[in-house]
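Any read-out appearing in this document is the output of simple, stated calculations on the displayed coordinates, not a laboratory observation. Source: prediction; values computed, not measured. Virtual Cβ from ideal backbone geometry, glycine too; neighbours counted across all protein chains shown.
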């Protein structure tokens, strides 16, 4: 079994080359094929990973307590685990990631997660990422260590700290914006998901109606029956085209803007978690300051040392957090821009193809007249 050691290392693969190419279903488990290009240019790594392996990686990224300001990092959000054999529950849990053919949207989300971890200046140095991308042995079989975030999430006073007023106007403003954006982005994603599901229902209904029109065809040589049969067949073809067009529009919505909104929503939650961690440290610092002020002479030096340590840690977290927020704002705009551009391009292509088909149907009906 591999060592638990996850000391800093240099990643041996290109962050832009990482691909999650497919998901293989084995009972209730999905196994993902992860492919990455060696920096040396001499070949590729091909590894099989389950969701437990992804969780193992995320936990090790969380566990870097020796990295100054680690709690100020906005960690790339890992999608929730898919429940393979419960379709209604999966759609509610994963939204756009549970749609599409053969779990491709989910694979794309995992791929984005890995690329963002590998491109991060701090997280990419963790040896766990190198192990995850290159080792044949599944790393998820090892039990990840408990970490600062596990302990933090168990704090009973969490809800009280979340509403604590910040001493820094920059962070208070960011917390207010994040609170608004988190709710708004989630609502937009849910409404867009409703649109896609409606499109899928329309596509299915068109298919059913196309089949029903074919069933209306009657045998016989009478001119009236022949004319009626031709109309039914042509109308069936039209509704079949309508169904395919609507299905393509829905698929385009999922693979472009849908995934973009999903990622934006999960990143808003990731930033919210980071801001909460920093707020908790702020409360700890204020408590340390009060204890130092009230301490009796014998305990004063020890309390002052605790205060200085808390101040140093809080400053590291705040510095890292400001860098992360600035970086995320730039990345966020680019992610949504790319999603919108891809959405427009795909929908224009689908519209042109559909227009050509409808024109052919129109010419056919004119010929029948």
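Worth pointing out:
- Pairwise label distance in nanometres, residue 177 with residue 24, each label 7 Å out on the Cα-Cβ vector: 4.6 nm
- Computed from label points 7 Å out along Cα-Cβ, the spacing between residue 166 and residue 121 is 2.0 nm.
- Summary value for the chain: 21 percent relative contact order, contacts being C-alpha pairs under 8 angstrom separated by 6+ residues.
- In degrees, nearest ten, helix 169-215 long axis to first principal axis of the chain (Cα): 20 degrees
- Helical runs (DSSP H, four residues minimum) scored at -39500 (n - 2.57) apiece and divided by the length of the chain put the mean residue ellipticity at 222 nm at -22500 deg cm²/dmol.
- Inter-part distance where the range 18-36 and the range 241-313 are each reduced to a Cα centre, Å: 30 Å
- A simple packing score, the average count of other Cβ atoms within 10 Å per residue, orders the peptides 251-259, 328-336 as 251-259, 328-336, with the highest score first.
- Cα-based values for the range 156-369, radius of gyration first and Dmax second, are 30.6, 112 Å.
- Mean projected area of the Cα convex hull of the range 224-324, taken over all directions, amounts to 9.6 nm².
- Computed over Cα pairs, the Kirkwood radius of the range 163-282 leads via Stokes-Einstein (1.002 mPa s, 20 °C) to a diffusion coefficient of 117 µm² per second.
- Value of D in µm² per second that Stokes-Einstein yields for the chain, Kirkwood Rh from Cα pairs, at 25 °C (0.890 mPa s): 101 µm²/s
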